[in-house]
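Below: one structure, written as structure tokens.
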There are 2 protein chains.
Amino acid sequence: MKVKLITIGKTNGDWLIKGIKEYQNRLTHYTSFEFIEIPDIKNKGNIPIEKLKEAELTEIEKYLDKDSFVICLDENGKEYSSEDFSTFIEKKMVSGTKHLIFVVGGAFGISDYLLNHCNDKIALSLMTFSHQMVRLIFMEQLYRSFTILKNEKYHHK
Amino acid sequence: MKVKLITIGKTNGDWLIKGIKEYQNRLTHYTSFEFIEIPDIKNKGNIPIEKLKEAELTEIEKYLDKDSFVICLDENGKEYSSEDFSTFIEKKMVSGTKHLIFVVGGAFGISDYLLNHCNDKIALSLMTFSHQMVRLIFMEQLYRSFTILKNEKYHHK
């Protein structure tokens with residue numbers, strides 16, 4: 001199973017880039033993982049928010065295949081414990097999912113169209129995290145879920 | 001109101017130290033904030049987990065005053081949205097709380113004694129975050145809560 005995390009905009013700040021790189025490296029031991037940063041839409045400050053999200057969606061769609069299982073990270077999505085999230089990942093692997101795609105929106109979130117048409121929605125928390133930090137937080141959880149599936153020491157319950 | 005975040009063990013990794021520093025700096029514009037790292041207990045690998053947590057509690061107690069309002073970050077605590085967390089912080093300020101103390105445990109969490117005797121428990125998520133990354137995630141939320149209270153642009157809903 002190939003896993004992709006699609007994000008909007010360059011990662012800001014060298015410490016965040018380093019943190020993301022660390023979990024990206026750790027993930028390579030468990031799965032084929034790709035971290036995608038779609039460049040910010042030009043003149044985004046002058047575009048109405050809904051139009052901006054649509055333009056971002058057009059870019060996101062370039063990374064989706066017909067057989068992609070697309071999951072939006074959205075605060076209205078389902079919340080999982082880390083254990084349940086690892087079970088979720090396992091089920092996707094066992095059921096033969098080839099492309100598991102997670103999408104993090106830009107600063108204003110994901111377009112309504114994608115939210116209504118994706119395969120699933122998950123929330124990392126009731127709290128709103130910055131769309132920048134979500135990258136790091138999500139990748140740590142994805143890494144954690146693989147260590148849980150492999151019964152490794154990283155996760156303490 | 002003075003806010004403290006008490007954590008166990010040195011922060012690992014220069015990127016995480018930098019990220020924490022960034023939010024620590026941002027917080028100084030809004031409140032008196034202190035980030036406390038209690039050094040790891042010596043030989044912690046050879047101490048039974050419950051004994052280790054008790055030894056950590058002894059160190060934590062050195063930073064608590066009688067008038068401290070102590071909140072444990074614990075996965076069984078109450079979850080808040082970012083807006084509700086900012087309201088929670090505001091209520092603490094308005095009610096004249098002098099020392100608002102947040103405690104993050106070590107790798108194995110917080111001692112049962114403190115969990116049972118603290119003033120409140122909050123959870124950042126149903127997911128388990130590393131006790132290292134919780135520092136960063138919490139400080140971003142605390143910063144976010146002050147920007148919400150000040151009606152600043154950082155938080156988009």
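Assorted remarks:
- Each stretch of four or more DSSP H residues adds -39500 (n - 2.57); spread over every residue of the protein assembly as shown, this sum gives -12500 deg cm²/dmol at 222 nm.
- A simple spin-label model places pseudo-atoms 7 Å from Cα toward Cβ; at B:K10 and B:E61 they are separated by 2.7 nm.
- Couplings 3J(HN,Hα) for segment B:44-56, derived from phi with the Karplus relation 6.51 cos²θ - 1.76 cosθ + 1.60 (θ = phi - 60°), are 4, x, 9, 9, x, 4, 5, 5, 4, 5, 5, 5, 5 Hz, where x marks Gly and Pro.
- Label 7 Å beyond Cα on the Cβ vector: A:K21 copy-to-copy distances, nm: 1.7
- Put a plus charge on the Cβ of each Lys and Arg, a minus charge on the Cβ of each Asp and Glu, and nothing anywhere else: the dipole of the protein assembly as shown about its Cα centre is then about 500 debye.
- Inter-copy label distances at A:K10 (7 Å, Cα→Cβ; nm, one decimal): 3.3
- For segment A:34-82, the set of trypsin sites (Lys or Arg not before Pro) satisfying both a DSSP loop assignment and a count of at most 14 other C-beta atoms within 10 Å is given as A:K42, A:K62, A:K66.
- Contact order relative to length of segment B:27-157, as percent, for alpha carbon pairs under 8 angstrom and 6 or more apart: 31 percent
- In terms of distances greater than 22 angstrom between alpha carbons, the cross-link table entries B:K62/B:K150; A:K21/B:K21; B:K91/B:K121; B:K4/B:K66 yield B:K62/B:K150.
- Label points for B:K51 are taken 7 Å from Cα along Cα→Cβ. From this copy to the others they lie 6.8 nm apart, shortest first.
- Straight-distance crosslink candidates among aspartates and glutamates, where the alpha carbon sits under 18 Å from B:K92 and sequence neighbours closer than 8 are dropped: B:E34, B:D65, B:D67, B:E79, B:E83, B:D84, B:D120
- Sequence-distant residues sharing a close amide H with B:I38 (under 5 Å, placed H): B:T7, B:I8, B:G9
Rule-based calculations on the coordinates, nothing more; no lab input. What you see is a predicted model, and the numbers here were worked out from it, not measured in a lab. Backbone-built Cβ (ideal geometry, glycine too); neighbour counts: all protein chains shown.
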